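Structure first, commentary second.
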Amino acid sequence: MKTLIISSSPRRDGNSIRLARAALEGAREAGHVTELVLVDDYITSFLRDCRICRNETGDCTIDDRFSELFLDKFVPSDGVILATPVYWYGMSGQLKTFFDRTFCYYAASCPTSGANSEGMMNKRIGLLLSSEETYPGAELGIVHQVQEYCRYTHSCFVGVVRGVGNKRGDVDVDPCRPLEDAKRLGAELFDRLTTDYRLDTPRGGSVWA
Ligand SMILES: Cc1cc2nc3c(=O)[nH]c(=O)nc-3n(C[C@H](O)[C@H](O)[C@H](O)COP(=O)(O)O)c2cc1C
């Protein structure tokens, strides 16, 4: 399966990318086709007003590499692992901008919106977080946003790993061993049981039997 890992901290050698590299290793060892990208290498601008920004054929004219990231890497992937530092109890501006910019490609005013919308759907999604604080509430805004993204795109939110650290490399010595968890998430992205019951979901008594 194709797994894209998107790291979104401006620190190219910080904690998020360490978690991302561990997930990459796990996915590779599990035999998946994997690639790790940094948002900063592709995106240099926020979303703009599409009415002003689109050219005469309806295409986005923001002059950076977002379309390469979105069309050549994100759309063809079967699974995506997002790595972000916790910034003000939310995701990094880079990762938020990645999601915002998809609008230019799925909005009805885009000539290929149908295919692009379809290409955003039905993925397996993992989340890697780095934060200085340890308390569980610090990640909730990001987890909620990714959960809603998954619901909206019929994607499947497989799991979250959080590494605690502040200085570059702190996550390496986090006693909860988030690098090992990130590696396992990469390896198991397509295999983990994921459930989201409704009252009438047929199910047996034991989850693992
Ligand atoms: C602008 C900014 C905002 C931050 N906000 C938070 C926060 O709300 N909660 C927290 O636990 N850590 C916060 N941090 C700390 C980072 O999440 C932490 O240093 C993380 O390890 C950085 O990951 P990176 O090395 O991938 O950049 C913030 C750091 C910055 C630079």
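Here are some notes:
- Whole-Å semi-axes of the ellipsoid equivalent to region 43-88 (Cα gyration tensor, √5λ, descending): 24, 17, 8
- Under-5 Å amide H pairs with Ser130, H placed in peptide plane, nonlocal only: Thr84, Val86, Gly163
- Converting phi to 3J(HN,Hα) with the Karplus coefficients 6.51, -1.76 and 1.60 and the offset θ = phi - 60°, region 192-202 yields 5, 5, 10, 10, 8, 5, 10, 3, 9, 5, x Hz in sequence order, with x at every glycine or proline.
- Across all C-alpha atoms in region 113-153, the radius of gyration and Dmax reach 13.5, 42 Å.
- Volume per residue of the C-alpha convex hull in region 97-209, rounded to whole Å³: 167 Å³
- Vicinal HN-Hα couplings computed from phi for region 128-140 (Karplus, 6.51 cos²θ - 1.76 cosθ + 1.60; Hz; Gly/Pro x): 10, 10, 10, 8, 6, 7, 9, 6, x, x, 4, 9, 4
- When the charge dipole of region 2-188 is built from unit charges on Cβ atoms (+1 for Lys and Arg, -1 for Asp and Glu) and taken about the Cα centre, the candidate among Ala187, Tyr135, Tyr105 whose Cα reaches farthest toward its positive end is Tyr135.
- Whole-number D in µm²/s for region 1-98 (Stokes-Einstein; Kirkwood sum over Cα pairs; 4 °C, 1.567 mPa s): 90 µm²/s
- Restricting the calculation to alpha carbons of region 145-209 gives Rg and Dmax of 15.8, 48 angstrom.
- Protection proxy ranking for 181-192, 46-57, using the average of other Cβ atoms within 10 Å per residue and placing the highest first: 181-192, 46-57.
- Dipole magnitude of the chain about its Cα centre (Cβ charges: Lys, Arg +1; Asp, Glu -1), debye to nearest 20: 200 debye
- Amide H contacts of Gly159 (H built 1.01 Å from N, in plane; Pro and chain starts excluded): Leu127 sit under 5 Å, all sequence-distant by 5 or more or on other chains.
- Spread over its residues, the convex hull of the C-alpha atoms of region 58-145 is 103 Å³ per residue.
- Among the cysteines of the chain, those whose beta-carbon sits 4.7 Å or more from every other cysteine beta-carbon are Cys50, Cys53, Cys110, Cys150, Cys156, Cys176.
- Carbon + sulfur, % of accessible area of region 123-171 - ligands and nucleic acids excluded, 1.4 Å: 52 percent
- Phi-derived couplings, Karplus 6.51 cos²θ - 1.76 cosθ + 1.60 at θ = phi - 60°, listed residue by residue for region 169-176: x, 4, 5, 4, 10, 4, x, 7 Hz, with x used for Gly and Pro.
- Peptide packing: for 61-68, 122-129, 27-34, 198-205, the average count of neighbouring Cβ atoms within 10 Å per residue gives the ranking 122-129, 27-34, 61-68, 198-205, highest mean first.
- For the chain, the solvent-accessible area works out to 53 Å² per residue, with a probe of 1.4 Å and every protein chain left in place.
- Working note: Cα atoms of the chain, range along each principal axis, descending, whole Å: 55, 47, 34.
- Each Lys or Arg adds one and each Asp or Glu takes one away; over the other residues whose Cβ falls under 12 Å from the Cβ of Ser130, this sums to -1.
- Pairs of Lys residues in the chain that lie 8 or more places apart, or on two chains, and have C-alpha atoms under 22 angstrom apart add up to 9.
The values are calculated or read from the model by the stated rules, or taken from the named source; none is laboratory data. A quick note: this is a predicted structure, and the numbers were derived from the prediction, not measured. Counting neighbours? That spans all protein chains shown, and the Cβs are built from the backbone with ideal geometry, glycine included. Just so you know, the surface numbers come from the protein's heavy atoms only, side chains and all, with ligands and any DNA or RNA stripped out. Shrake-Rupley method; radii C 1.70, N 1.55, O 1.52, S 1.80 Å.
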